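One structure below.
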Amino acid sequence: MERVFGLFPILEERRRSPGTALSGGQQQMVAIGRALMANPELLICDELSLGLAPIVIKSIYDTLPRIIAEGVTVIVVEQDVSMAKEVSDRIYCLQEGRVSLSGRSEDLAHDAIARAYFGEAVA
């Protein structure tokens with residue numbers, strides 16, 4: 001619990017609140033925290049930013065490097081390319097179930113990722 005509270009201090013403040021009383025962002029933090037309590041080697045996060053306020057998204061994404069530094073491999077499935085590029089070492093774009101682009105995050109331009117993702121020229 002201390003590890004999770006260290007990553008998400010707001011959860012310590014809200015620890016006595018029922019899950020239904022938490023915001024969407026806090027519920028996302030709880031989901032990540034619950035997964036981390038099992039001491040996984042791999043954490044797969046699907047659409048971390050979906051439906052959340054930008055400040056909450058930033059807060060959640062800010063924790064990922066700390067989780068990775070603890071030795072956990074993190075796979076993020078995300079449509080927000082900018083956020084994904086900030087926290088990732090590698091990017092894989094999928095189109096119709098096939099890898100359409102892959103490479104080191106720092107080497108891939110945003111427009112190349114968009115073309116690979118949408119399968120068309122991006123102006």
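The values are calculated or read from the model by the stated rules, or taken from the named source; none is laboratory data. These numbers come from a predicted model, not from an experiment. Note that each Cβ is placed from the backbone with ideal geometry, even for glycine, and that neighbours are counted across all protein chains shown.
Here are a few things to note about the model shown:
- Residues of the range 13-38 satisfying the condition of being closer than 17 Å to Glu2 by Cα, assigned to a helix (DSSP H, G or I), hydrophobic (A, V, I, L, M, F, W, C) and out of contact with any Cys (no Cβ under 8 Å at 6 or more places or on another chain): Met29, Val30, Ala31, Ala35, Leu36
- Residue list for the range 31-51, filter: over 12 Å from the mean Cα position of the chain (by Cα) and surrounded by 17 or more Cβ atoms within 10 Å (Cβ to Cβ): Gly33, Ala35, Leu36
- A search for C-beta distances below 7 Å between a residue of the range 48-77 that is outside the structural domain of Met29 (by TED's automatic domain parsing) and any residue that is surrounded by 16 or more Cβ atoms within 10 Å (Cβ to Cβ) and among the aliphatic types (A, V, I, L, M), counting only pairs 6+ apart in sequence or on different chains, returns nothing.
- The range 85-100: number of residues that are of a type in the set (Phe, Trp, Tyr) and farther than 17 Å from Leu48 by Cα: 0
- When the range 40-71 is filtered for residues that are acidic (Asp, Glu) and assigned to a helix (DSSP H, G or I), only Asp62 remains.
- One residue from Ser105, Ser17, Ser49, Ser82 being among the polar types (S, T, N, Q) and in contact with a Lys or Arg (Cβ under 6 Å, 6 or more places away or on another chain): Ser105
- Test set (1) surrounded by 15 or more Cβ atoms within 10 Å (Cβ to Cβ); (2) in contact with an Asp or Glu (Cβ under 8 Å, 6 or more places away or on another chain) - Arg104 fails condition number: (1)
- Output for the range 107-123, where each listed residue is modelled with pLDDT of 85 or more, loosely packed, with under 14 Cβ neighbours inside 10 Å and not charged (D, E, K, R): Ala109, His110
- Residue match in the range 78-94 (condition: of a type in the set (Asp, Glu) and free of Cβ contacts under 8 Å to residues at least 24 places away in the same chain): yes
- All conditions in (1) surrounded by 13 or more Cβ atoms within 10 Å (Cβ to Cβ); (2) more than 10 Å from the chain's Cα centre (by Cα) hold for Asp89, with the sole exception of (1).
- Residues that are in a helix (DSSP H, G or I), of a type in the set (A, V, I, L, M, F, W, C) and either modelled with pLDDT under 85 or touching a Leu at 6+ places or on another chain (Cβ under 9 Å) (or both) do not occur anywhere in the range 90-100.
- Residue among Arg66, Arg98, Arg34 that is of a type outside the set (A, V, I, L, M) and over 30 Å from Arg15 (Cβ atoms): Arg98
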